[in-house]
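This report refers to the structure that appears directly beneath it.
The values are calculated or read from the model by the stated rules, or taken from the named source; none is laboratory data. Everything quoted here is computed from the prediction, not taken from an experiment. A quick note on method: Cβ atoms are made from the backbone with ideal geometry, for glycine too, and the neighbour counts reach across all protein chains shown. Accessible surface areas use protein heavy atoms only, side chains included; no ligands, DNA or RNA. Shrake-Rupley method; radii C 1.70, N 1.55, O 1.52, S 1.80 Å.
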Amino acid sequence: MHNILYLGFILLFAGIAIQRSVAEDVGRTQPNIVFLLVDDQRNDTLGCAGHPIVKTPVIDRLAAEGVRFENAFVTTSICAASRASILTGLHERTHNYTFLKPALAKPLMLNSYPALLRQSGYRTGFIGKYGVQTQGQPEPEMFDVFRVHDRNPYFKQQPDGSLRHETEIAGDRAIEFLQGNADGTPFCLSVSFNAVHAEDNDHQDHFPWPKAVDGLYDSVEVPAPRLSDPWIFANHPEFLKQSMNRQRYHWRWNTPEKYQKNIKAYFRMISGVDRVVGRIRAELERLGLSENTVIIYMGDNGYYMGDRG
């Protein structure tokens, strides 16, 4: 399988390069694309990035078999603006979208990577957290399959009354999309996880993990944040000391007990995503699609995890 592991903002260039390659070499088999976007996963929270605790064997294998970009950066480290940049290839100053701003203009979305690939004959799909608002309903021109599910709550009630985690639902729907591609049309499937974003409305259990990773990290004592010395926070400018970041620090990290509980839960959510990526890879292999599929894995922005107060 041809895999590219992205931990920064590279996607637009990859999409354009693939499109141009197809246009210039009609005889070449068009590669499928699976783009996996994770929310609030810091770049060092992967085994392949050298993290001593987090278990991500599937993503580590992607890195070993492909390319890991170690010096790549999101354009704006907040999810709404970052996701708009990922879709459009534009900096925030150009697309002008973040929280409390007007919705993304339709012409920008019709020049987004899924729209361009769809115009080039790709079957396109989107699953999970969209994270942006748009003007003029461009999505029918961007996606053949558009299955957005709300961020909250993480555990969603199913028709049989059971509860299923958002990460697992995203995996289920990704597999359904792959199974629906029987005619061999090249595809671009975007799977956007809400994980590993905290549940801000629940101050007791910020990081609800999938049940499949219950108990993981229970026996581990996670070291304190590297940049946890109080003098670091004391030297912040006042606007940072009064920001939402500080409120969240007190919700999650300000005692050793809170820190151990929440950081392990955060790590479990990452491992839950890794497990679902493994399910998607296995389905690609089962369907005979693995040798002609590019997998891109990326985070929309980083995360303090208690650093700097």
**Item:** Residue within region 217-240 that is in contact with a helix residue (DSSP H, G or I) (Cβ under 6 Å, 6 or more places away or on another chain) and of a type in the set (D, E, K, R) present
**Value:** no
**Request:** Considering only residues that are under 16 Å from the mean Cα position of the chain (by Cα) and not in a loop (DSSP other than H, G, I, E, B), look in region 181-206 and name the one that is farthest from GLY272 (Cα to Cα).
**Result:** CYS188
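Yes/no per residue for (1) surrounded by fewer than 16 Cβ atoms within 10 Å (Cβ to Cβ); (2) farther than 30 Å from SER290 by Cβ; (3) under 18 Å from the mean Cα position of the chain (by Cα):
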{"position": "PRO138", "(1), (2), (3)": "no, yes, no"}
{"position": "HIS149", "(1), (2), (3)": "yes, no, yes"}
{"position": "PRO153", "(1), (2), (3)": "yes, yes, yes"}
{"position": "GLN179", "(1), (2), (3)": "yes, no, no"}
**Failed item in (1) within 30 Å of PRO31 (Cβ to Cβ); (2) open to solvent by 20 Å² or more (accessible area, probe 1.4 Å); (3) touching a Leu at 6+ places or on another chain (Cβ under 8 Å), with ARG275 passing the rest** = (3)
**Request:** Output yes when any residue across region 90-99 is touching a residue at least 12 places away in the same chain (Cβ under 8 Å), closer than 16 Å to PHE193 by Cα and open to solvent by less than 70 Å² (accessible area, probe 1.4 Å), and no when none is.
**Result:** no
**Prompt:** Looking at (1) part of a helix (DSSP H, G or I); (2) surrounded by fewer than 21 Cβ atoms within 10 Å (Cβ to Cβ), which is the only condition GLY121 fails?
**Reply:** (1)
**Fill in**
Of ALA17, ALA23, ALA72, ALA49, the only residue that is touching a strand residue (DSSP E or B) at 6+ places or on another chain (Cβ under 9 Å), of a type in the set (Gly, Ala, Ser), modelled with pLDDT under 95 and more than 23 Å from ALA174 (Cα to Cα) is ALA72
